[in-house]
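The structure appears below as structure tokens.
The values are calculated or read from the model by the stated rules, or taken from the named source; none is laboratory data. The model shown is predicted, which means the values in this text are computed figures rather than measured ones. Heads up, the Cβs are rebuilt from the backbone with ideal geometry, glycines too, and the neighbour counts pull from every protein chain shown.
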């Protein structure tokens, strides 16, 4: 993985900038030596929660035998000034993206420019997240084969200068298959491949009955969820369409693996124990850690 | 303000729930005594950044003469488990909403249910945020008179069960006017009333030239921003449409006050000094603190 293509930024204006302030990352081309800080990155893990991304970084340090002495903490590169949490362990960056595609899109734009300015090559992206499942035991991991909008179309729609612009939600099939190949029959959880629907809301757009607003019946909800399930949708979250469309637009390979916290065909509320959910939330990065070791040419390692 | 209407939750399903887990707030009806914790709330301030909302809470404590002894810190009610930062000082709640309308909508659904379960009455909401301005000196405060989508329509569109549902973005005119009335000619900044456009992205949907992707020219950008300016738009952010539509849907009064960090008619990058921006970001809550003191029947107080 030492070789690979540099990051392509399809915006001619960026080349002419004398300074590029990556405002929401609290980084910039003049204030930071981005090539020295980030030039060796090969893998980027993104996920919603800042706290969880710190855990992902610590897990990756363990997976890659990077010693963090007892009493030492990882440095949050954003120092609390950034809108996202940012951790680096060896060739792996772990960065939070908040909830929903607007929050993710800001992070993705600035991440892509960061990788470009740092001169990174051959980078692979992973979203490790949480979601609601459709017809799956809570705690299962879904690797996304296609990301769909709430209209159940593989399209990421934005309004740019007053016009609707649709981008295709393309995820690299090989990366998804390789990640699926990192699942083991000995895992205490199931890993399945399926389509992922991304909504712009947790309640109404996901057909939940328990939001502050709800103008539909349980039958309406079930009809919608079953229609999605019949199309191959196995989980619902809020960012995969954005992740797929934007990473495809800059020709970066990426994969999405999310753990289900609830079976939406059986209910809406997330009532599993905090202990169970803490453990479940580690599962997507288990697969990604195996993928990374394999791609770095390292032998398999038993990890909790 | 001791009287007022209880919070109306227009979802019949909520009444029948034996437990309501407000998952992203890390609160619940069975795990927490919500009426005792929150029943006396009269004002809720929401804003994007968790760190800034802690500052808002400390500022409100000072404004309301609520003593926080040196060495004591405010309690983040979410204890790091919630996806949002939550602080309470007397009758004021300060809560973060992250970036973009999906993240805000989750918080709003759960906030409305929290206020309902807690039995709150006569609550007024404020969004205190940051934004890009149109034709204004950076550091100016814009009080929103109408929130518009990137199509420049006063409409909040969601896809619910596969259908587009449009809700009107209605903000209470009296609250906006009263907040405008809290500005003083002695303030070191201008406060103006104007329309606010909410985009689902910081870069392309706001016509910036400095994102990772950009398929338009500077002339295209300026034509769009000038069209918005001609319609009365004075600032661009990412949440006002959601704030307006959802608070109107539950019949809660709300107002939006945001400080401009850049004049988008002159540039895209946010390059003001960190010190200036720290000070500017306090300005919206200056107005809100004056509003709250006035509505509590307290005399004006000199505040930094």
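Looking at A:153, A:158, can you tell me which residue is surrounded by 21 or more Cβ atoms within 10 Å (Cβ to Cβ), more than 16 Å from the chain's Cα centre (by Cα), within 14 Å of chain B (Cβ to nearest Cβ) and outside any helix (DSSP H, G or I)?
On the way: A:153 fails: surrounded by 21 or more Cβ atoms within 10 Å (Cβ to Cβ).
Answer to the selection: A:158.
Restricted to the range A:23-41, and to residues that are in a loop (DSSP other than H, G, I, E, B) and surrounded by 13 or more Cβ atoms within 10 Å (Cβ to Cβ), which residue is farthest from the other protein chains (Cβ to nearest Cβ)?
Of the range A:23-41, the ones in a loop (DSSP other than H, G, I, E, B) are A:26, A:29-33, A:39-41.
If we keep only those that are surrounded by 13 or more Cβ atoms within 10 Å (Cβ to Cβ) as well, we get A:26, A:29, A:32, A:39-41.
Working: A:26: 9, A:29: 11, A:32: 14, A:39: 18, A:40: 21, A:41: 16 Å.
Only one residue tops the list, namely A:40.
Can you name every residue in the range B:171-219 that is assigned to a helix (DSSP H, G or I), within 14 Å of chain A (Cβ to nearest Cβ) and under 25 Å from residue B:276 (Cβ atoms)? Give the derivation first.
The initial filter retains those residues of the range B:171-219 that are assigned to a helix (DSSP H, G or I), namely B:173-180, B:204-206, B:218-219.
From what's left, within 14 Å of chain A (Cβ to nearest Cβ): B:204-206, B:218-219.
Listed by number, the list holds a single entry, B:206.
Which condition from (1) within 14 Å of chain A (Cβ to nearest Cβ); (2) surrounded by 18 or more Cβ atoms within 10 Å (Cβ to Cβ); (3) in contact with a strand residue (DSSP E or B) (Cβ under 8 Å, 6 or more places away or on another chain) is the one that residue B:164 breaks?
(2)
Determine which single condition residue B:236 fails, assuming it passes every other condition in (1) more than 14 Å from every other protein chain (Cβ to nearest Cβ); (2) under 16 Å from the mean Cα position of the chain (by Cα); (3) in a strand (DSSP E or B).
(1)
Quick check on this structure: which one of B:277, B:222 is at pLDDT below 95, within 13 Å of another protein chain (Cβ to nearest Cβ) and assigned to a helix (DSSP H, G or I)?
Values: B:222 fails: at pLDDT below 95.
Unique residue meeting the criteria: B:277.
How many of the residues making up the range A:130-147 are in contact with a helix residue (DSSP H, G or I) (Cβ under 7 Å, 6 or more places away or on another chain) and within 13 Å of chain B (Cβ to nearest Cβ)?
Taking the range A:130-147 as the starting set, the residues that turn out to be in contact with a helix residue (DSSP H, G or I) (Cβ under 7 Å, 6 or more places away or on another chain) are A:132, A:134-135, A:139, A:141, A:143-145, A:147.
Now drop any that are not within 13 Å of chain B (Cβ to nearest Cβ), which leaves A:132.
So the answer is 1.
Which of (1) modelled with pLDDT of 95 or more; (2) more than 14 Å from residue A:149 (Cα to Cα); (3) within 14 Å of chain B (Cβ to nearest Cβ); (4) in a loop (DSSP other than H, G, I, E, B) is the odd one out, the single condition residue A:265 does not satisfy?
Here residue A:265 meets the rest and fails (3).
Rundown of residues vs (1) closer than 27 Å to residue A:57 by Cβ; (2) in contact (Cβ under 8 Å) with a residue 12 or more places away in the chain, yes/no style:
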| position | (1), (2) |
| --- | --- |
| A:109 | yes, yes |
| A:128 | yes, yes |
| A:140 | yes, yes |
| A:149 | no, yes |
| A:161 | no, no |
| A:165 | no, no |
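Residue-wise test of (1) buried (at least 23 other Cβ atoms within 10 Å of the Cβ); (2) under 21 Å from residue B:45 (Cβ atoms); (3) at pLDDT 95 or above.
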position: B:119; (1), (2), (3): no, yes, yes
position: B:143; (1), (2), (3): yes, yes, yes
position: B:148; (1), (2), (3): yes, no, yes
position: B:177; (1), (2), (3): no, yes, yes
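Can you tell which of A:139, A:119, A:100, A:135 is out of contact with any strand residue (DSSP E or B) (no Cβ under 6 Å at 6 or more places or on another chain) and over 22 Å from residue A:262 (Cβ atoms)?
Working: A:139 fails: over 22 Å from residue A:262 (Cβ atoms); A:100 fails: over 22 Å from residue A:262 (Cβ atoms); A:135 fails: over 22 Å from residue A:262 (Cβ atoms).
On inspection, the qualifying residue turns out to be A:119.
Inspect all residues belonging to the range A:83-92 and state whether any of them is touching a helix residue (DSSP H, G or I) at 6+ places or on another chain (Cβ under 8 Å), over 20 Å from residue B:274 (Cα atoms), crowded, with 23+ Cβ neighbours inside 10 Å and away from chain B (no Cβ under 14 Å).
yes
On the given criteria, is residue A:117 more than 9 Å from every other protein chain (Cβ to nearest Cβ), over 16 Å from the mean Cα position of the chain (by Cα) and in contact (Cβ under 8 Å) with a residue 24 or more places away in the chain?
Details: more than 9 Å from every other protein chain (Cβ to nearest Cβ): yes; over 16 Å from the mean Cα position of the chain (by Cα): yes; in contact (Cβ under 8 Å) with a residue 24 or more places away in the chain: yes.
Considered against the rule, which asks whether it is more than 9 Å from every other protein chain (Cβ to nearest Cβ), over 16 Å from the mean Cα position of the chain (by Cα) and in contact (Cβ under 8 Å) with a residue 24 or more places away in the chain, residue A:117 comes out as yes.
Answer with yes or no whether residue B:20 is more than 19 Å from the chain's Cα centre (by Cα), buried (at least 19 other Cβ atoms within 10 Å of the Cβ) and more than 29 Å from residue B:130 (Cβ to Cβ). Give the steps one after another, and end with the answer.
Values: more than 19 Å from the chain's Cα centre (by Cα): yes; buried (at least 19 other Cβ atoms within 10 Å of the Cβ): yes; more than 29 Å from residue B:130 (Cβ to Cβ): yes.
Yes.
Just to be sure before I move on: is residue A:49 touching a helix residue (DSSP H, G or I) at 6+ places or on another chain (Cβ under 6 Å) and facing another protein chain (nearest Cβ under 10 Å) in the structure I sent?
Working: touching a helix residue (DSSP H, G or I) at 6+ places or on another chain (Cβ under 6 Å): no; facing another protein chain (nearest Cβ under 10 Å): yes.
No; evaluated as a whole, the condition is false for this residue.
Looking only at the range A:44-92, count how many residues are part of a loop (DSSP other than H, G, I, E, B) and over 14 Å from residue A:26 (Cβ atoms).
Residues of the range A:44-92 part of a loop (DSSP other than H, G, I, E, B): A:48-49, A:64-85, A:90-91.
Restricting the remaining residues to those that are over 14 Å from residue A:26 (Cβ atoms) gives A:48-49, A:64-74, A:90-91.
Of the residues in that region, 15 qualify.
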